[in-house]
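A short worksheet on the structure shown next.
The values are calculated or read from the model by the stated rules, or taken from the named source; none is laboratory data. Not measured: the values here are computed from a predicted model. Cβ placement follows ideal geometry from the backbone for every residue including glycine, while neighbour counts extend to all protein chains displayed.
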Amino acid sequence: MKSNIRIYIISALILLLTTLIFGLLATWAFLFPEVYNKFLPFYQLRPFHVSAALFWIITGATASILFYKKETFANGKNSSALLETGFMVIWLTTIAAIFICYGLKMFGGREYWEFPPILCLPLLISWILLMFSFYVPLFKSTGKKPMYIWMWATGILFFLITFVEQNLWQISWFRASYLKEITVQWKSNGAMVGAWNQMIYGTSLYLMVKISGDENIAKGKTAFFFYMLGLTNLMFNWGHHIYNVPTAAWIRDTSYIISMTEWVFLIRMIQSFKKTLEQRAKLRHLLTYRFIIAAEFWVFMNLLLTLSISVPAINLYTHGTHITVAHAMGATIGINTMILLASFTYILKIDDLKGRVSRFLSFSYWLSQFSLSCFWIALIVAGLIKGYRTVESCKLNFQEIMEPVLRVMKVFSYAGVFLVISIASIVIVYLYNAIKLKEFQTQIEI
Ligand code: HEM
């Protein structure tokens, strides 16, 4: 029982490695179908990659919360260790079962969750165990709670709600109408992103408080206002996920405006953290700090992208192209993964590493930012070319449309190789620290 959280953190890092490897393989399968179709076709690799990505994000977020829980409101004790163990065992075993199903070409779910739907049941059970392990000590604890605890609590609850909503298609009434089913699917997928963002942004707020030593960032009226803004986002920002189904224009417009405010919220939080941060505190947690700043940069870039693609004249060209993928990966790699890496840097005390390892991590960090930028820009360019040729060159067939797109996708795949090398290098150092280093033992064990 003692080193459960250590195993859980290691599993999250392995999921990140899996995401990277399957992402690269999926890219090659897309570019060279004649080779890959024989053994690992794109339709099999995409669910592998996307599910690994989602599970990396959710596992990374819950690992951080379970780790920080002990020192925030559980008074250094772990009264719910059995429930936590139950959650981790069922959650990780089900993920393994999901990958086995994908390997055996057993599909059956819906977008992003394409495994046989029966496996949603153990996921649901494990989540309920997590909820008990989180809320029971929370309700027993006294005193005013900082905003990050509210955010974690909200994210965990809303993940349950959106997960159930996402599985409503299993009731035949929802499947009776294609439009009804797809609307609920896309809506719940969008809302689920809001739920894990609450968990992850809460974690980044916690880190900012810890690094700067300034509790005020997470307390007071402004903090509460921004929490409410985040909550509004969680409940209503899914609108831009259902642009393509016939909905009232006011629903689209309102939810679009709301979804932009969530990012403004994160930028505002990081900016006020940067203002209060002393140089010494920054240097003591340099890599953690850098990952948080990287997330801020990617929030800004994604904000620019989404603001542009929502202009109807631009959307006409970009819709359903690689720009949508740029938006999804820009957010999940640039924002979610960067914050989770900041969290793992802090948990595993990576900032204490000196000399060659520290320089190697610093180099890998910059390489990851540079290659992610090329990767992301290549997707946008590929999307623009495809959109333009589809709309403007009506006489071209699909192959002709795709010819220049595939050339740009090759640049994407080269950038992807460097992205994989750089993030995987960071993950391997973290894995080594999580497995080997004795001095982290007391820190990690619960
Ligand atoms: C932390 C790392 C990563 C995360 C979190 C991530 C996340 C995602 C997500 C959420 C999607 C679904 C996008 C959509 O449906 O629009 C996706 C698709 C994809 N990703 Fe990644 N990704 C990562 C790294 C990579 C890397 C390194 C590569 C390639 C070298 C890659 C290649 C792809 C490809 C080819 C698709 C499918 C695009 C399509 O269907 O058109 N990913 N990824």
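Structural remarks
- Filtered by the rule that a residue be β-branched (V, I, T) and either crowded, with 20+ Cβ neighbours inside 10 Å or in contact with a helix residue (DSSP H, G or I) (Cβ under 7 Å, 6 or more places away or on another chain) (or both), the stretch 87-105 gives I90, T94, I95, I98.
- Being under 17 Å from the mean Cα position of the chain (by Cα) and either part of a helix (DSSP H, G or I) or not assigned by TED's automatic domain parsing to the domain that holds T337 (or both) holds for only one residue in G143, G190, and it is G190.
- In the stretch 369-388 there is at least one residue matching the filter, namely being within 24 Å of S64 (Cβ to Cβ), surrounded by fewer than 21 Cβ atoms within 10 Å (Cβ to Cβ), within 20 Å of the chain's Cα centre (by Cα) and in contact (Cβ under 8 Å) with a residue 12 or more places away in the chain.
- From the list T306, T324, T318, the lone residue that is among the β-branched types (V, I, T), within 16 Å of the ligand (Cβ to nearest atom) and under 21 Å from F226 (Cβ atoms) is T306.
- Checking I98 against (1) within 16 Å of the ligand (Cβ to nearest atom); (2) within 25 Å of I171 (Cβ to Cβ); (3) under 17 Å from the mean Cα position of the chain (by Cα), the condition it does not meet: (3)
- Residue in the stretch 128-135 that is buried (at least 17 other Cβ atoms within 10 Å of the Cβ), touching a residue at least 12 places away in the same chain (Cβ under 8 Å) and of a type in the set (S, T, N, Q) present: yes
- Within the stretch 344-351, the presence of a residue that is exposed (fewer than 14 other Cβ atoms within 10 Å of the Cβ), on the phi < 0 side of the Ramachandran plot and within 22 Å of the chain's Cα centre (by Cα) is excluded.
- Selected residue (criterion: surrounded by the fewest Cβ atoms within 10 Å (Cβ to Cβ)) from residues of the stretch 19-50 that are among the polar types (S, T, N, Q) and near the ligand (Cβ under 10 Å from one of its atoms): T27
- A53, sole failed condition from (1) in contact with a Phe, Trp or Tyr (Cβ under 8 Å, 6 or more places away or on another chain); (2) within 16 Å of the ligand (Cβ to nearest atom); (3) aliphatic (A, V, I, L, M): (1)
- Residues (part of a helix (DSSP H, G or I) and not aliphatic (A, V, I, L, M)) located in the stretch 215-230: E215, N216, G220, K221, T222, F224, F225, F226, Y227, G230
- Listed by first and then second residue, the pairs linking a residue in the stretch 416-433 that is assigned to a helix (DSSP H, G or I) to a residue that is charged (D, E, K, R) and surrounded by fewer than 20 Cβ atoms within 10 Å (Cβ to Cβ), with Cβ atoms under 9 Å apart and 6 or more places separating them unless they lie on different chains, are N433/K349.
- Single match in A195, A176 (criterion: of a type in the set (A, V, I, L, M) and without any contact (Cβ under 8 Å) to a residue 24 or more places away in the chain): A176
- Hits in the stretch 287-303 - residues which are more than 16 Å from the ligand (Cβ to nearest atom) and either in contact with a Cys (Cβ under 9 Å, 6 or more places away or on another chain) or at pLDDT below 90 (or both): E296, F300, L303
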